[in-house]
C-alpha cells in the first residue's frame, strides 16, 4: 500500500526546498565570513550540503523516497520503481521546492527574494564534470540499493561531499537544484543561460549509470520492491521499522 | 515502566550542560586561535556542536530521550509522548543545565562565570532564520521517529551542522540554549534583549513542523510508543538492546 | 571464553600506538602546512584524531575492548567488567603503546625519536578542562554501553572531536596519551612537569562520571556482560556477528 | 555462487577510477582556491578522499568487495579469500581504473590528459610512512572483518582521513593509486621515479599487518567466508540484505 501521492509530493517539495536553502544559504554565509578565501567558502558549503543531505534523506526517505532530484526520479521510473504518472508529479514538486528554497535562503539573509545569477559555468570541462557527477550519484544509489539500503543516506551525502571538490562544476548533479540556483546571484549561483547544458549532462550521466548498473547488478530492474528499498518506500521501511522495533 | 523522573531530569540537565559548554567553549577556543577569520571560527564551532550533539544524544537518549531543548519537549508533550507534568520538569532542567554549561565553559577558559552578551541578533531575517531552523529540526525528529529511530542522533547532528551555515542566525533552534548563550559575551553570545524574539520564532517553527508532520505522517500522534521510540524511551531501547544482543 | 590476555594486550599496545601517532603526527603535519594559523592546525589535528579513534575502536574493539586509556580501564575494573589483574596488564601496554606512537610519528616526519615537550599546560582552568573532558568521555562510554553499544566507536570519536575545541586543554582525557605527548616537543606536546596535574584531573573526572552513572543507569555495575558489551568483548561481538551474519 | 568475474572487474575498475578522480580532482580544485594555504588544500583533499572512499565501498562492496587496491587484493589472496587467478584479474583492473581516474580528473579541470608528476617523495621517512599507513589500513580491514563487517566502509574511510595527516607521505597506501598519481603533475602527484619505493613499502606494510592479525585474530585465515564478509561478498551481502529486509 503506497502512501498518498499528495503526501509524497509534499515531502519532495519540502526536502528539495531545505536542500537548496542549505546550498544557497551556506554559500552566502560562508562568503560573508571567509575574508576572500574561496577554499574556505567551498569547504563550508560542502559540509553544510553533505550534512543537510544526510539529514533530509533520513527525514523524508520513508515518505517519498527522498529523491529531491528529477534525474533520480526519471531513472527510478525507467527502472519501473515509480510509475511515469508519479514521476510527472515528483518533478514539478522538486522544481517548485528548489525555487522556494532559494527564496527562503535569500530572505533569511536579508537579500531580495530572487536575483538572476551571473556566475558563468560553461564549456566542455563543466559538461564532463556534470556528466561524471551524475554518473557517480546514480552509481551510488543503484550500488547501495540492493544490499545496503540503510546506508543510502550516508553514501549519497558522502558522495556529494567528495564530488563538490573533485569536479570543476562543484557537482550540481540535480536539474531541480540547478534551476533553483540560477535564481541566486550568490556563491552557489549559475547563469540561467548555462542551465540547459548542465541539465543535459546530468540526464546523460544518470542514464549512463543506470544502463551500466543494469548489467553490473542484474535483476535490479526486475525487482521493483528491491529498488524501492533503496529509496525508502513504505513497504521497505515498514520492514526496517519492524526489525528495529523487535 | 518508565525510568524514575529524577534520573531523566538529571540526564536532561547534564546533556544540556555539555551541549552548551560545547557551543560556548568551542566559540571561545576558535576565536582565540583563528586570527580574525570568522569563517574558520564558525567552522570549528559547527564541527564541535554537531559532534557533541551526536555523542550526547547517543549517551542520554536511552535515559531521558535526549531532548536538551524545550521546543522539542513541548512538541513531544503536544503529541502525547510526554505528559505535561513531565514536560514541566524537563524544561527547567534544560534551562538550568544550559546556564551551568555556560558557566563551566567560561571557567574552563579562565573567564568570569557569567557575562551578559552584547552580540546583536535581531530583525526579521533573524526571526525567519530561527523559524526555519526550528521547523527543520522538528521535521527531522518527526520524520526519523517512525521508521529510522536509530538514525535520530546522526540526523539531528547533521541537520544542526548544516543549519549553522544556512541560516543567518546560525540556528540556535533551542530556547534553553538561547537563554544560556545570552549569559556569554563571547562568539556564541546573544544580547538578552534579543532572546524573546528568538524563542518566539523557535516555538512557532516547532509548532508548525509538528502540525505539518501530523498530516504528512498520519498515525504518528496516535502511537505514543512509536514517538517515544524516536527519543529513546526505556521501552524502545530495551527492544533495540535485545535486538542488538541476539 | 575470553581471548588470550597476550592478544588483548597486543591490541591495546597497537591501538594506543596508532592513536598517539595520529595525535602527534597530524599536529606536526598541520603545523608545517598551516602558515601560522593555529585554528587550522587544531582543526586538522581534531579531524585526524576523531577519525583515527573511530577506525581504531572499530578495529580493536572486538579483541581487547579498545580502551587505549588507563582511565577507561580503571573505571571498567571498578565496575567489575575487567579483573584488576587484567587491568594491571592493560595499563602498561597502553603506556608503552603511547610512547611507541610518539616515536613512530617523529620518525615518520624525520624528527628525533623523542624530545621533551616545552608546551606549558598548567593552572586551574586546565585542571578543570581535563576533569570535564574525562567526565564527559566516561559519561559517553557508560551512557552508550547498555543499549547502544554498537554506537560506542562513533560516540567516542564524536565526543573527542567536540572536546578538542570546548576545553582549554584540548581534551587529553587519557593518562597514557598524556605521558606519550610529554615526549614530543611539537604542537601536541605537554611539559613533563604538567603531566601529574593532567592525570590527576583525568582520574577524578573518570571516577566522578562512573559514580554518577551508577545512579543514573542502575544495574549497569551489576551486569558485567552488559558493560563488556560496550567495549566489544568476545562474547558480545560473537553475538553481534551472529546477528549480522543471519 | 560468485558473481561473474567480468562484473567484479568492472566494479574494481569503476571504483578505483572514481577514487583516483576524487584524490586528484580535489587536489586541483583545492590548490586553485586556497590562495597558497597548503593546510587548507590538504584538508579539502582529505575530506573529499575520505567521503569518496565511504561512498564507493558502500556502492561497490557487494559486487567486488571494493578493494580498489592491489595491496588489499594480494593480502586477501594470501588469506585464501580470493583465488590467485581472481587476484590476477583484480590488480590490472585497479591499475587501469586508477589511470582512467587521473585522466578524467584532468579533463574535468581542463588539463592535459596526463602529465608526469615532479613532486619529490623519497627518503626513509616517506618509506616508513607508507609502511605504517599500509600496516594500519590492513589492520583496520582485518580487525573489522570478523565481527563488524558492516562498519568496514566507515572504518576504512575514517582511517584514511586520519592517515592523510599523521604520515609525512599523506598515506597513499595503495599501489594502483600510487601509479595513477605519478601521471598527474598536480598537488596529489608523485614522481614516477619514487613509485617503486612507495609500492615496496606498501606491500611490506600490508604483509606485516596480515601476519600480525593471523596471530591476533586466530581462525580468520581458516574461514574464507568470514574474510569475504569484510569485503562484501555476494553471500555475505545476501545475508545482510535478508536481515535488513526482515
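The values are calculated or read from the model by the stated rules, or taken from the named source; none is laboratory data. Bear in mind that the values here come from a model prediction, so they are computed numbers and not experimental data. Cβ atoms come from the backbone with ideal geometry, glycine included; neighbour counts cover every protein chain shown.
Key figures for this structure:
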| read-out | value |
| --- | --- |
| Residues satisfying the stated conditions in region C:92-126, i.e. within 14 Å of chain B (Cβ to nearest Cβ) and on the phi > 0 side of the Ramachandran plot | C:123 |
| Residues that are at the interface with chain D (Cβ under 7 Å from one of its Cβ atoms) and in contact (Cβ under 8 Å) with a residue 12 or more places away in the chain, drawn from region A:155-178 | A:155, A:158, A:159, A:161, A:165, A:167, A:168 |
| Residue within region C:82-89 that is in a helix (DSSP H, G or I), under 16 Å from residue C:206 (Cα atoms), away from chain D (no Cβ under 14 Å) and within 18 Å of the chain's Cα centre (by Cα) present | yes |
| Yes/no for residue B:143 being assigned to a helix (DSSP H, G or I) and either at pLDDT 95 or above or under 24 Å from residue A:51 (Cα atoms) (or both) | yes |
| Residue within region A:74-81 that is within 13 Å of chain B (Cβ to nearest Cβ) and either touching a residue at least 24 places away in the same chain (Cβ under 8 Å) or touching a helix residue (DSSP H, G or I) at 6+ places or on another chain (Cβ under 7 Å) (or both) present | no |
| Among (1) over 25 Å from residue A:163 (Cα atoms); (2) over 16 Å from the mean Cα position of the chain (by Cα) - the single one residue A:30 does not satisfy | (1) |
| Condition check for residue C:55: in a helix (DSSP H, G or I), buried (at least 19 other Cβ atoms within 10 Å of the Cβ) and facing another protein chain (nearest Cβ under 9 Å) | yes |
| Selection count where residues are in contact (Cβ under 8 Å) with a residue 12 or more places away in the chain and more than 21 Å from residue D:110 (Cβ to Cβ), scope region A:132-154 | 15 |
| Selection status of residue D:67, closer than 17 Å to residue D:7 by Cβ and either within 14 Å of chain A (Cβ to nearest Cβ) or modelled with pLDDT of 95 or more (or both) | yes |
| Test: residue in region D:30-47 that is out of contact with any helix residue (DSSP H, G or I) (no Cβ under 7 Å at 6 or more places or on another chain), at pLDDT 95 or above, at the interface with chain A (Cβ under 9 Å from one of its Cβ atoms) and part of a helix (DSSP H, G or I) | yes |
| Criterion (surrounded by fewer than 20 Cβ atoms within 10 Å (Cβ to Cβ), under 20 Å from residue B:96 (Cβ atoms) and modelled with pLDDT of 95 or more) met by exactly one of B:183, B:203 | B:203 |
| Of residues in region C:139-153 being under 13 Å from the mean Cα position of the chain (by Cα) and facing chain B (nearest Cβ under 10 Å), the one surrounded by the most Cβ atoms within 10 Å (Cβ to Cβ) | C:141 |
| Selection count where residues are outside any helix (DSSP H, G or I) and free of Cβ contacts under 8 Å to residues at least 24 places away in the same chain, scope region A:94-125 | 4 |
| Filter pass, residue B:6 being part of a helix (DSSP H, G or I), within 11 Å of chain C (Cβ to nearest Cβ) and farther than 15 Å from residue C:43 by Cα | yes |
| Failed criterion for residue C:13 (all others in (1) facing chain D (nearest Cβ under 7 Å); (2) farther than 20 Å from residue B:29 by Cβ hold) | (1) |
| Residue ID - modelled with the lowest pLDDT, chosen from residues in region C:82-93 that are more than 15 Å from residue C:13 (Cα to Cα) and in contact with a helix residue (DSSP H, G or I) (Cβ under 6 Å, 6 or more places away or on another chain) | C:82 |
| Residue D:129 vs. criteria in a helix (DSSP H, G or I), more than 11 Å from chain C (Cβ to nearest Cβ) and in contact (Cβ under 8 Å) with a residue 24 or more places away in the chain | no |
| Only one of A:11, A:22 that is over 15 Å from residue A:180 (Cβ atoms) and assigned to a helix (DSSP H, G or I) | A:11 |
